[in-house]
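No value in this document is a laboratory result; all are computed from the given coordinates. Source: prediction; values computed, not measured. Because the Cβ atoms are built from the backbone with ideal geometry, glycine has one as well, and the counts that use them run over all protein chains shown.
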Amino acid sequence: VEVSSIDEAVDIVNTIAPEHLSLHVAQPQKYLNYISNVGAISLGKEPPALIDYIGPNHILPTNRWATSRGALSVYDFLKPLSIILDSSSIKREVIQAILQLAEYEGFKIHGMSIGVRFGSSSS
């Protein structure tokens, strides 16, 4: 792909979300903050294949998956749980705000269940 500027190149990279990206430019570090959708980046004159041996693991996102995830990591094998404990300390103003939000979102039953539990009602 031939581009007319670094900005155009960065836009294209972030759109196509490649598995590998080689930054063969002077001071490649200064462009890293603008690149968000790529599996792995090699800087300067380093050959991309070097990443396969001295970089992170080689299980990198392909087919534009770099737009939403990075390389395989230990977090891919963990299952987070959300635990809510003792809602009795929630202040009445917070409950009112939650009831208004539930009403705005159209979640009437959510609002009713919260209102019943906390002795409040939505408007």
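Need one word for region 6-75: rounded, prolate or oblate. Basis is the Cα gyration tensor (sqrt eigenvalues a ≥ b ≥ c); a/c below 1.5 gives rounded, then a/b vs b/c decides. It is oblate, given that a/c is not under 1.5 and a/b is not larger than b/c.
When both region 5-55 and region 66-98 are represented by their alpha-carbon centers, they are found 32 Å apart. Across the chain, C-alpha contacts under 8 Å between residues 6 or more apart give a mean separation that, scaled by the residue count, equals a relative contact order of 18 percent. Distance between the modelled labels on Lys91 and Ser73, one decimal in nanometres: 3.5 nm (7 Å Cα→Cβ projection). Relative intensity of the chain on a log10 scale, I(q)/I(0) at q = 0.13 Å⁻¹, equals -0.68, per a Debye sum over C-alpha point scatterers of equal strength in the absence of solvent.
Just to confirm a number: summing +1 for Lys and Arg and -1 for Asp and Glu over residues other than Ile51 whose beta-carbon lies under 15 angstrom from that of Ile51, what do you get? Before the final figure, lay out the partial values.
Working: positive: Lys45; negative: Glu19, Glu46, Asp52.
My count for the surroundings of Ile51 gives -2.
Charge tally around Tyr31: other residues with Cβ under 13 Å, Lys/Arg +1 each, Asp/Glu -1 each, net -2.
Calculate how steeply helix 6-16 sits against the longest principal axis of the alpha-carbon atoms of the chain, using the helix alpha-carbon long axis, and give the answer as 0 to 90 degrees to the nearest 10. Helix 6-16 sits at roughly 60 degrees to that axis. On a 0 to 90 degree scale, rounded to 10, what angle separates helix 108-118 from the longest Cα axis of the chain? The angle comes out at about 60 degrees. Taking other C-beta atoms within 10 angstrom as a stand-in for reagent exposure, Arg92, Arg69 fall in the order Arg92, Arg69, fewest first.
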